[in-house]
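J.: Okay, handing you the structure first.
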Amino acid sequence: MEVGFLGLGIMGKAMSMNLLRHGFKVTVWNRTLSKCDELVEHGASVAETPAAVVKKCKYTIAMLSDPSAALSVVFGKDGILEQICAGKGYVDMSTVDADTSSKINEAITAKGGYFLEAPVSGSKKPAEDGQLVILAAGEKALYEEVIPAFNVMGKKSFYLGQVGNGAKMKLVVNMIMGSMINAFSEGLVLAGRSGLDPSVLLDVLDLGGIANPMFRMKGPTMIQGSHSPAFPLKHQQKDMRLALALGDETATSMPVAAAANEAFKKARSMGLGDLDFSAVYETVKALEQPSQKS
Ligand SMILES: NC(=O)C1=CN([C@@H]2O[C@H](COP(=O)(O)OP(=O)(O)OC[C@H]3O[C@@H](n4cnc5c(N)ncnc54)[C@H](OP(=O)(O)O)[C@@H]3O)[C@@H](O)[C@H]2O)C=CC1
Ligand SMILES: O=CCCC(=O)O
């Protein structure tokens, strides 16, 4: 199967590498073209523009940072719309809002093409290991045609119906995750300031009802103050922002998520946006310890 792949950041590089490893013919494009070199060493072809990728490939997958990037590769100069036509499919796996996905869907289908949104749960390591959870919605026929690629990139694919449902599901998941990492950060700092060993807290958590892979994986490096990016904090804050907008649309009160968003914004203002989202821990650490006397 021949596929195009747009966007070779942390996720896109791992996902396209997986496709190559499993025998797919892959044509890549990235805004910063030099990032294609490593993929070429592993057998990928390169195209100069998103339009050139679509011209060459029946199916094109995108994994881009945010709504503005997702829109620009479709509607911009040399973008997807210049070459999409009947018989070609476009699969956007970026995390965006339902509105962005719908705009892309309308434009692609107006040209006769097929569209599927397919954001993913799981980070850098699951992307490298082909263990993502794929949240697809849109054209069912396209979903069925690209299942061989999803089976390589992920451990489970969900088909969620109409365009927008994949985006919404992904934002709900990340809203929960972003709130959890804030509570976790506060717990680690509270333990330390209460004279407890935070690494013992990790052991206690891991044996109880709120044990989870995120605490298990991030806890030890957070305690060390190391936040090498798997999921960049700026993207987590984008997801909180989009989830809160979904809350506005549906009149859903989300005070916990709103507070978590403020913490991510604070972290960005501290220059931590390119670090892992676990760096929100540093915002809690940075808060002055209240006087013990009062
Ligand atoms: N990292 C993670 O753990 C996960 C991330 N996601 C989501 O996946 C998407 C990608 O994440 P990730 O790989 O971590 O992000 P990165 O920041 O590592 O990569 C972002 C990619 O988007 C490209 N890009 C940014 N702006 C534009 C633009 N205006 N036009 C064209 N290309 C652009 C970048 O190109 P360039 O190299 O030129 O900057 C790069 O290829 C995001 O939506 C994120 O929320 C989903 C699940 C997990
Ligand atoms: O969007 C990023 C999700 C990261 C994860 O699921 O660990």
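The values are calculated or read from the model by the stated rules, or taken from the named source; none is laboratory data. These figures come from a predicted structure and were not determined experimentally. Cβ sites come from the backbone with ideal geometry, for glycine too, and all protein chains shown count toward neighbours.
J.: Please list, ordered by first then second residue, the pairs with beta carbon atoms under 7 Å, 6 or more apart or interchain, first in region 212-236 and in a loop (DSSP other than H, G, I, E, B), second acidic (Asp, Glu).
T.: Filtered contacts from region 212-236: 227/276; 228/276; 229/274; 229/276; 230/276; 231/276.
J.: Looking for something within 16 Å of ligand 1 (Cβ to nearest atom) and either among the β-branched types (Val, Ile, Thr) or surrounded by 13 or more Cβ atoms within 10 Å (Cβ to Cβ) (or both) - is there at least one such residue anywhere in region 192-206?
T.: no
J.: Could you list, in sequence order, all residues of region 50-70 that are free of Cβ contacts under 8 Å to residues at least 40 places away in the same chain and touching a strand residue (DSSP E or B) at 6+ places or on another chain (Cβ under 7 Å)?
T.: 70
J.: Right, another one. Looking only at region 115-138, count how many residues are away from ligand 2 (no atom under 13 Å from the Cβ), surrounded by fewer than 24 Cβ atoms within 10 Å (Cβ to Cβ) and assigned to a strand (DSSP E or B).
T.: Residues meeting the conditions: 0.
J.: From the list 156, 170, 218, pick out the single residue that is under 19 Å from residue 126 (Cβ atoms), of a type outside the set (A, V, I, L, M, F, W, C) and exposed (fewer than 14 other Cβ atoms within 10 Å of the Cβ).
T.: 156
J.: Follow-up. Starting from region 269-288, keep only residues that are more than 16 Å from residue 259 (Cα to Cα) and crowded, with 19+ Cβ neighbours inside 10 Å, then list their pairs with residues that are among the acidic types (Asp, Glu) and at pLDDT 95 or above whose Cβ atoms are within a distance under 7 Å, requiring at least 6 positions of separation or different chains.
T.: Note: pairs meeting the criteria are 272/282.
J.: For the subset of region 173-191 comprising residues that are closer than 19 Å to residue 242 by Cβ and of a type outside the set (S, T, N, Q), which member is surrounded by the fewest Cβ atoms within 10 Å (Cβ to Cβ)?
T.: The extreme case among them is 176.
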